[in-house]
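Comments concern the structure below.
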Amino acid sequence: MNVKRIIPDAITSCNLLCGSIAVFLATQGAFMWAFVFILAGAFFDFFDGLSARLLKAPSPIGIQLDSLADDITFGLAPSMMLFCWLRPIVGWWALIALLMAACSALRLAKFNVDERQHDSFIGLATPANAIFWGALCCMPYAMLRYDWMAWALLGLSLVSCWLLNAEIPFFSFKSFKKEKSTVIAFLAGCVLLVAYCVYKAVVAKHIEFALFSGTAVIIWYVALNLIFACAKKN
C-alpha cells in the first residue's frame with residue numbers, strides 16, 4: 001500500500017464530507033454552519049493538491065475525485081442553501097437555484113481538460129461562486145423585505161451559471177508574477193471590504209454582516225476581472 005497516494009485522496013474525501021454535511025445543514029436551515037463547512041471544504045481543497053505536489057503523488061483517480069468533491073462542496077451545497085433560503089418566498093421556483101450545481105459540474109469537467117487553465121481560470125471558479133452564495137445566504141430574512149428581491153437573487157443565480165462557464169479570463173494567485181498589479185489591487189480592495197463589513201457587524205451586533213464580506217469580496221473579484229477583460233479587448 002502506497003501511503004503517499006492515500007494522503008491526498010483522504011484530504012479530498014474530507015472536502016467531499018464537508019460538502020455533504022453542508023448540504024444536510026442547508027436543508028435544516030442552519031445556513032451559517034453550512035457556510036462554515038463550505039469554507040472547511042475549501043481548506044481541504046487547497047491542501048489536497050498541495051499535498052499531492054509535495055509528496056509527488058498525483059494520480060488520475062485523485063483528479064476525478066477532486067472534481068466530484070468540488071461539485072458537492074462548491075456546486076450542490078451553495079445551490080441547496082439558496083434553494084432552501086428562497087423557497088419560503090418564491091415556492092418551488094427556487095429549484096432554479098439547483099442549476100448552479102449542474103453548471104458547476106460542467107465548469108469542473110471543462111477545467112480538467114482545458115490546457116489554458118494551469119495558472120489562471122476561464123470562467124468563474126466554483127469555490128468563488130460558492131463563497132458568494134454561501135455568505136449571502138447567511139444574511140437574515142429581513143434582507144428580503146420585498147418579494148422582488150428574492151426573485152432578483154434567483155435571476156442572479158442564472159448569471160452565476162453563465163459566469164461559471166463563460167469564456168472570460170479570471171486571474172488566480174498562481175498568476176501573481178504575470179498579473180502582479182491586478183492581484184495587489186484585488187487584495188487591497190479585499191482588506192477595505194472586510195474591514196467595513198466587520199465594522200458594520202460590530203456596530204449592528206450581527207455576525208452575519210461580517211460573513212457578508214465573503215459576498216462583497218467575490219463581487220469585487222468578478223468586477224475587477226470584467227474591467228480588465230474589457231480593457232484588453234479595447
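The values are calculated or read from the model by the stated rules, or taken from the named source; none is laboratory data. Given the structure is predicted, the values throughout are model-derived calculations rather than measurements. Quick reminder, even Gly has a Cβ in these numbers, built from the backbone with ideal geometry, and neighbours come from all protein chains shown. All accessible areas refer to the heavy atoms of the entire protein, side chains included, with ligands and DNA or RNA removed. Shrake-Rupley method; radii C 1.70, N 1.55, O 1.52, S 1.80 Å.
Mean Kyte-Doolittle hydropathy of -0.5 or higher plus an axial Cα length of 24 Å or more: which whole DSSP H helices in the chain meet both?
On the way: long enough: 3-27 (36 Å, 1.22); 31-54 (34 Å, 1.45); 147-165 (29 Å, 1.23); 180-204 (36 Å, 1.82); 207-233 (41 Å, 1.44).
In the chain, the long hydrophobic H runs are 3-27, 31-54, 147-165, 180-204, 207-233.
Our estimate of slack between residue 98 and residue 178, defined as 0.36 nm per intervening residue step minus the Cα-Cα distance, is 25.2 nm.
What's the extension gain from residue 146 to residue 203 if we count 0.36 nm per residue and subtract their Cα-Cα distance? Each step should come with its number before you reach the end.
Numbers: separation 57, 0.36 × 57 = 20.52 nm, distance 2.44 nm.
Taking 0.36 nm per residue and subtracting the Cα distance, the gain is 18.1 nm.
Positive-end ranking of 102, 222, 27 along the dipole of the chain, with charges on Cβ about the Cα centre, is headed by 222. Among the protein heavy atoms of the chain, carbon and sulfur supply 74% of the accessible surface, probe 1.4 Å, non-protein parts ignored. Estimated from helical segments only, the mean residue ellipticity of the chain at 222 nm is -25000 deg cm²/dmol, where each DSSP H run of four or more residues counts as -39500 (n - 2.57). Free of any trypsin sites (Lys or Arg not before Pro) that DSSP assigns to a loop and that have at most 15 other C-beta atoms within 10 Å, the longest stretch within the chain is 57-115.
Applying a 4.7 Å Cβ-Cβ cutoff to the chain, the cysteines left without a disulfide-compatible partner are 14, 18, 84, 137, 138, 190, 197, 230. When only alpha carbons are used to place a centre, the range 74-113 and the range 132-193 end up 15 Å from one another.
Once you sort the root eigenvalues of the Cα gyration tensor of the range 143-203 as a ≥ b ≥ c, which label holds: rounded (a/c under 1.5), prolate (a/b larger than b/c) or oblate (the other case)? Here the range 143-203 falls in the oblate category.
Taking label positions 7 Å along the Cα-Cβ direction at both residue 30 and residue 115, the computed distance is 4.7 nm, reported to one decimal.
With protein chains left intact and a 1.4 Å probe, residues in the range 121-183 average 48 Å² of accessible area per residue.
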